[in-house]
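What follows is a single structure, written as structure tokens, with notes after it.
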Amino acid sequence: MFVCVFVFALVFAGCASTSGNNGAVKVGPKPSSAFEKQPDEAILELPKLDVIIPVFNPGLSEDEENYEEEGIWPELRRAEANRFAYKLKQALDESGAFGAVRVTPDQTASGDLYVLGTIDQSDGEDVAFHLNVVDISGKQWLDRDFSHEVEASFYKNTRNTGQDAYDPVFEKAARKIVKALRKHHASELDNLKYLANLQFGASFNELAFSEYMQTDGGHVKLVSKPSDQDPLFQRVQAIRVQEQLFVDNLQNNYALFSQNMTDSYLAWQKASFIEKQLKSDAETTGILKIAGGVVLIALAIAAAAFDGGTALNIALGTAAAVGGIGGATMIASGYQSTEEAKFHQDALNEVGESINLEMSPQLISLENETVKLTGNAQEQFAQWREFLKRIYEQESTPDTKL
């Protein structure tokens with residue numbers, strides 16, 4: 001009897017096991033699409049606004065004497081003003097919620113939505129900036145501060161090698177902007193895109209396009225639309241495309257700028273983070289109180305030269321053991337680390353000499369006209385706008401609508 005029950009139990013278990021495998025089971029590597037971030041359906045159904053991100057305001061005091069007191073490296077801040085704008089562009093691009101996202105020298109470029117940023121703090125451990133997001137009508141979407149504190153665990157994790165410790169703050173800002181986008185109806189966004197064309201047209205011929213817009217309380221409202229066959233409207237749309245193409249080409253310059261400063265910038269982030277950690281530890285425990293922070297800076301440079309997640313632990317451990325100038329001299333005497341630090345410092349000083357990207361002169365032809373653009377990115381963009389205005393004025397189309 002016991003044997004029969006046992007056999008029956010085995011058969012029953014076998015049946016149960018077999019029936020559980022009747023369905024398809026997915027095994028093996030997943031397709032690449034499974035790893036891609038997909039925007040939600042509500043976002044996909046909305047019109048794609050073109051976003052303008054002017055180079056950030058570096059947040060520098062007008063009095064240069066305050067830089068040292070505030071712990072600000074002005075060349076670095078100017079470089080960050082460009083890098084931060086591009087990092088935010090990348091984060092918004094990855095959201096999939098917008099059309100073209102363009103970094104520009106200033107806020108005069110034509111777009112549907114503008115993200116204006118000001119850097120408040122950046123010291124390797126803490127980063128903070130303010131964003132003011134407004135659409136082409138002048139309506140404010142967002143006005144808030146964003147900040148992030150880098151944790152020691154970031155540098156202890158070898159997976160973060162080559163990663164920017166500030167990335168989370170740009171991702172957070174992008175999510176908030178997308179959240180603000182969800183509050184707007186599709187018809188409203190369509191009107192903004194139409195309004196952007198009219199505003200661009202008014203910058204060339206205010207008399208012809210102002211009748212379609214009304215300003216109320218600082219906000220521009222769309223009151224009517226020109227005919228799709230209006231030659232003036234068609235003309236400004238075509239010229240606007242030329243401005244957008246020029247700004248599209250600028251994106252390569254901003255990308256290259258950010259890429260070229262990455263190695264030196266990440267080295268600065270790490271060294272500055274470690275220095276702040278050491279200073280905090282010194283203030284707490286009372287050790288390493290040496291004028292000018294010589295020991296701390298030397299330790300930070302030495303620690304930043306290490307590869308791997310143990311750099312911070314090595315630096316802090318050494319800090320606890322070192323008690324005088326002799327220890328600092330010993331660490332700073334590692335010539336290779338000091339030389340490397342100077343190399344990165346010189347590199348950042350060079351890219352941060354000006355907030356405007358330096359560009360080579362270029363010759364551009366359009367409609368049998370040629371213009372030579374010179375100067376930095378902002379100057380060349382202004383020259384290109386003047387050229388487009390001249391092209392518009394030379395057009396033989398009469399200044400009356402059909």
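The values are calculated or read from the model by the stated rules, or taken from the named source; none is laboratory data. Everything numeric here is computed off the predicted structure, so don't read it as measured data. Heads up, the Cβs are rebuilt from the backbone with ideal geometry, glycines too, and the neighbour counts pull from every protein chain shown.
Collect the residues in segment 69-79 that are surrounded by 22 or more Cβ atoms within 10 Å (Cβ to Cβ) and over 23 Å from Ala382 (Cα atoms), keeping them in residue-number order.
Leu76
Restricted to segment 111-140, and to residues that are in contact with a His (Cβ under 8 Å, 6 or more places away or on another chain) and crowded, with 18+ Cβ neighbours inside 10 Å, which residue is farthest from Glu68 (Cα to Cα)?
Looking at the filtered set, the residue picked out is Ser137.
Considering only segment 44-52, I want to know if a residue exists there that is in a strand (DSSP E or B) and either under 24 Å from His184 (Cα atoms) or assigned by TED's automatic domain parsing to the domain that holds Gln378 (or both).
The answer is yes; a qualifying residue exists.
Can you pull out the residues in segment 101-136 that are over 24 Å from Met261 (Cβ atoms) and of a type outside the set (S, T, N, Q)? Let's see the steps before the verdict.
Here is the first cut: in segment 101-136, the ones over 24 Å from Met261 (Cβ atoms) are 108, 110-114, 132-136.
Correct list: Gly111, Asp112, Leu113, Tyr114, Val133, Val134, Asp135, Ile136.
Could you check, for segment 115-134, whether at least one of its residues is in contact with a Gly (Cβ under 6 Å, 6 or more places away or on another chain), modelled with pLDDT of 95 or more and in a loop (DSSP other than H, G, I, E, B)?
No, segment 115-134 contains no residue that is in contact with a Gly (Cβ under 6 Å, 6 or more places away or on another chain), modelled with pLDDT of 95 or more and in a loop (DSSP other than H, G, I, E, B).
Taking segment 57-76, which residues are within 14 Å of the chain's Cα centre (by Cα) and either aromatic (Phe, Trp, Tyr) or in a helix (DSSP H, G or I) (or both)?
Correct list: empty.
Of all residues being of a type in the set (Lys, Arg) and in contact with a helix residue (DSSP H, G or I) (Cβ under 7 Å, 6 or more places away or on another chain) in segment 72-110, which is nearest to Pro47 (Cα to Cα)? Just the residue, please.
Taking segment 72-110 and keeping what is of a type in the set (Lys, Arg), we get 77-78, 83, 87, 89, 102.
Checking the rest, the ones that are also in contact with a helix residue (DSSP H, G or I) (Cβ under 7 Å, 6 or more places away or on another chain) come to 83, 87, 102.
Details: Arg83: 28, Lys87: 23, Arg102: 17 Å.
Checking each candidate, the answer is Arg102.
Report every pair of residues separated by at least 6 positions or lying on different chains whose Cβ atoms are under 8 Å apart, first residue within segment 94-123 and over 21 Å from Gln244 (Cβ atoms), second hydroxyl-bearing (Ser, Thr, Tyr) and surrounded by 15 or more Cβ atoms within 10 Å (Cβ to Cβ).
Listed pairs, sorted by first residue: Ser122/Tyr166; Asp123/Ser272.
Could you count how many residues in segment 211-246 are over 27 Å from Val101 (Cα atoms) and under 33 Å from the mean Cα position of the chain (by Cα)?
Qualifying residue count for the region: 2.
Can you name every residue in segment 175-194 that is surrounded by 13 or more Cβ atoms within 10 Å (Cβ to Cβ) and without any contact (Cβ under 8 Å) to a residue 60 or more places away in the chain?
Lys176, Ala180, Glu188, Asn191, Tyr194, listed by residue number.
Which ones in segment 71-90 are out of contact with any Leu (no Cβ under 9 Å at 6 or more places or on another chain) and over 24 Å from Ala173 (Cα atoms)?
The one that is out of contact with any Leu (no Cβ under 9 Å at 6 or more places or on another chain) and over 24 Å from Ala173 (Cα atoms): Gly71.
Checking the condition assigned to a strand (DSSP E or B) and of a type in the set (Phe, Trp, Tyr), which residue from Phe98, Phe146, Phe154, Phe84 passes?
Phe146
Could you please find all residues in segment 94-140 being farther than 19 Å from Lys183 by Cα and of a type in the set (Asp, Glu)?
Listed by number, the residues that qualify are Glu94, Asp106, Asp120, Asp123, Glu125, Asp126.
Being surrounded by fewer than 12 Cβ atoms within 10 Å (Cβ to Cβ) and modelled with pLDDT of 95 or more: is that true of Arg144 here?
yes
Among the candidates Glu188, Glu211, Glu275, Glu243, which residue alone is among the acidic types (Asp, Glu) and modelled with pLDDT under 90?
Answer to the check: Glu275.
Scanning for something in contact with a Pro (Cβ under 9 Å, 6 or more places away or on another chain) and crowded, with 18+ Cβ neighbours inside 10 Å, does segment 234-241 turn up at least one residue?
Quick first cut of segment 234-241, residues in contact with a Pro (Cβ under 9 Å, 6 or more places away or on another chain) only: none.
Within segment 234-241 (the criterion being in contact with a Pro (Cβ under 9 Å, 6 or more places away or on another chain) and crowded, with 18+ Cβ neighbours inside 10 Å), the answer is no, since none of the residues qualifies.
Could you check, for segment 96-115, whether at least one of its residues is among the small types (Gly, Ala, Ser) and touching a strand residue (DSSP E or B) at 6+ places or on another chain (Cβ under 7 Å)?
Yes, segment 96-115 has at least one match.
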